[in-house]
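Working notes for the structure below.
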Amino acid sequence: MGLSLLRYLAYALIPAVTVLWGESLRGRLLYRGGRRAIRLLIAALLMWQLVRLMKYMFEPVADASPEHAFWYLFYVFRAALPVALLWIAHVADADAAVQKLPRHLLLLLLMNLFLAFCILTNDWHEQFFSFLPEREGELWEEQLEWGAYAYWVIWFLEVFASLAIFWIKAGLQQSWRLRMILPFLLCLVFLLYTVFYNISPVLRIDVTFTTTVFFLLFLELCLRTGLILSNHEYEGFFRQASLGLRLTDPSGKIRLSSRAVPDFGGQMKEYRISRMRLSGGSTLIWYEDMHMLHEQQRSLAQANRALQRRRLYLKRAANRQRKQVAAETQNHLHREVEGILDSLRPYFRKFRTRILQSHGNEREQAVRDLNLLATYTKKRCVLFLKSEENGTIALDELEMAASELCEAARKLQLHVAISWQLPQATPAQTALTAFDSLTSFLAEAVHERAAMTVHVTMAAARVTFLLEGDVPWLGRWQQRWLQDHMDSRFTCKDLGFALSIACVLQQEEGER
């Protein structure tokens, strides 16, 4: 009587333990589909416990058939237990909002229920269990048949398949740890218990208790080892969040609040409040601290104003500097051009006097001399201005200036042919010196009224003149040139058919 009372008391308490433990597991589960699977598992365990309690309440009975029916009825509820585990494993990496039982698991549940139905009709075919003849005063004993072995193999395969799915998904997520082997060890212990339950009477602990503890403890280990994603400690994580978050229920009551939520003691303007409605009617409120952003905006605005002032100052300074450089350049050009004109001004006065004092052919000759001087002055100023652009003078510009000069000299019976051996861009000083040497030679020839033909070779380092016959004024021209160009020198060579006069403007590479 004492043992029966203890059994009834245990069966009165175990449903409460099942509900409390199961709801604790369900509350920590992250996925809604998994939560429904937990409820399916709790419901199956409770119905199993209820049937077990009814079996003990109706004992003893005269006929064994009702007792067998109560015993067979356990397997109806046992069919849902591995399906619940597979359901949780299936949604372990799926959408958290998915709630429906997958179709293939529904088919598996129907197959398990079909096997349970076959067990319910075992008294007709005895393919799962057979019963030995009862002796007077003794309990009936069952003997396992091939169907029972097949059923247990299928049932444990489903349990181990759920564990394998948990392991595979943990490996794919790179979260597998050695402690995740604990659920496997528990399954192994339960398998050994099931095997020895039918062999050794010593291990015949109530199968309802052991099965309930196994499934609840299995899920507990999966949650604590990380095989099943859990929202365990999410509340603490939420409260310690550095973001100002607050969770309210549909009625507006605060459920969770992080430590970063402001107290609104006069700093409300520094926060931006955003609300997001959640499924179920709850609201997530985010108090975004705008203090640092406003500080950065003020700092950037101040820096922007400073940069604007700096840009305005630099713009004004650049304008002043540009005007100053332009003025200095203009003054420099003015001085250089004035220098050229100052050196030629006596010649202009001389030609003006000649024109005013002469008549007829002599005046015409003076005008031609003045025209040659004016051509030189114009082209010399143009070449100088061209050289100020980049420090060089293009060969085309030099050829054009020399061509106009030779055209003016031709009217004075002075024929000049020029061969060019200069690069396309000649340094300004070299080009101007070569042009001046040509001009000074032509001016001296015009002054002496020498009607002659000259072949000139313009090179980078020297200017060579080929003359026919004796030229008495060459010495005077050389002296005048060397007075203004002391770095130059002359070389003369009688070629037989002509006289070669080379004006070396600068030291050549072979002479260095």
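All of the numbers you see were taken from the coordinates with simple rules; none came from a lab. This one's a predicted model, so the numbers in the text were calculated from it and none came from an experiment. Please note: Cβ atoms are built from the backbone with ideal geometry, for glycine as well, and neighbour counts cover all protein chains shown.
For residue 417 and residue 324, the FRET efficiency from 1/(1 + (r/R0)^6), where r spans their Cβ atoms and R0 equals 51 Å, is about 0.60.
Here r is the Cβ-Cβ distance between residue 198 and residue 292 and R0 is 51 Å; the resulting FRET efficiency, rounded to 0.05, is 0.15. Normalised by the number of residues in the stretch 401-455, the average gap of Cα pairs under 8 Å and 6 or more apart makes the relative contact order 60 percent. Evaluated at q = 0.10, 0.12, 0.17, 0.18 Å⁻¹, the base-10 log of the normalised Debye intensity for the stretch 358-511, with identical point scatterers placed on the Cα atoms, takes the values -0.35, -0.51, -1.03, -1.15.
Here's how it looks for residue 260: its modeled amide H is under 5 Å from those of 245, which are all 5 or more places away or on a different chain. Annotation: peptides 176-185, 159-168, ranked by per-residue average of other Cβ atoms within 10 Å with the highest first, follow the order 159-168, 176-185. Amide H contacts under 5 Å for residue 418: 456, restricted to partners 5 or more places along the chain or on a different chain, H placed in the peptide plane at 1.01 Å from N.
Residue-wise HN-Hα couplings along the stretch 453-469, as the Karplus relation 6.51 cos²θ - 1.76 cosθ + 1.60 with θ = phi - 60° gives them from phi, are 10, 10, 10, 10, 10, 9, 10, 5, 10, 8, 10, 10, 10, 9, 10, 9, x Hz; Gly and Pro carry x. Computing FRET efficiency as 1/(1 + (r/R0)^6) for residue 145 and residue 100, where r is the C-beta to C-beta distance and R0 is 51 Å, gives about 0.85. Dipole magnitude for the stretch 358-511: about 380 debye, using +1 per Lys or Arg Cβ and -1 per Asp or Glu Cβ, origin at the Cα centre.
Computed from backbone phi, the HN-Hα couplings of the stretch 181-197 come to 7, 4, x, 5, 4, 5, 4, 5, 4, 5, 5, 5, 4, 5, 5, 6, 4 Hz, rounded to whole numbers (Karplus: 6.51 cos²θ - 1.76 cosθ + 1.60, θ = phi - 60°; Gly and Pro given as x). Distance from the Cα centroid of the stretch 144-189 to that of the stretch 381-416 is 102 Å (rounded to whole angstrom). Residues of the stretch 480-507 falling in the label zone of residue 461, defined by backbone nitrogen less than 11 Å from a point 7 Å along Cα to beta-carbon, are 504-507. Subtracting the Cα-Cα distance of residue 453 and residue 243 from their residue separation scaled by 0.36 nm leaves 65.8 nm. Which of the lysines could a cross-linker bridge to residue 169, judged by Cα under 30 Å and excluding same-chain residues fewer than eight apart? Leaving aside lysines fewer than 8 places away in the same chain, those within reach of residue 169 are 100.
Working from label points 7 Å from Cα in the Cα-to-Cβ sense, the residue 181 to residue 114 distance is 3.9 nm.
Take every Cα pair under 8 Å in the stretch 381-484 that's 6+ residues apart, average their separations, divide by the length, and report that relative contact order as a whole percent. Computed value for the stretch 381-484: 28 percent relative contact order.
Note that the stretch 311-324 has calculated 3J(HN,Hα) couplings of 5, 5, 5, 5, 5, 5, 5, 5, 4, 5, 5, 5, 5, 5 Hz, one per residue in order, obtained from phi through the Karplus relation 6.51 cos²θ - 1.76 cosθ + 1.60 (θ = phi - 60°); glycine and proline are x.
Amide H contacts of residue 29 (H built 1.01 Å from N, in plane; Pro and chain starts excluded): 231 sit under 5 Å, all sequence-distant by 5 or more or on other chains.
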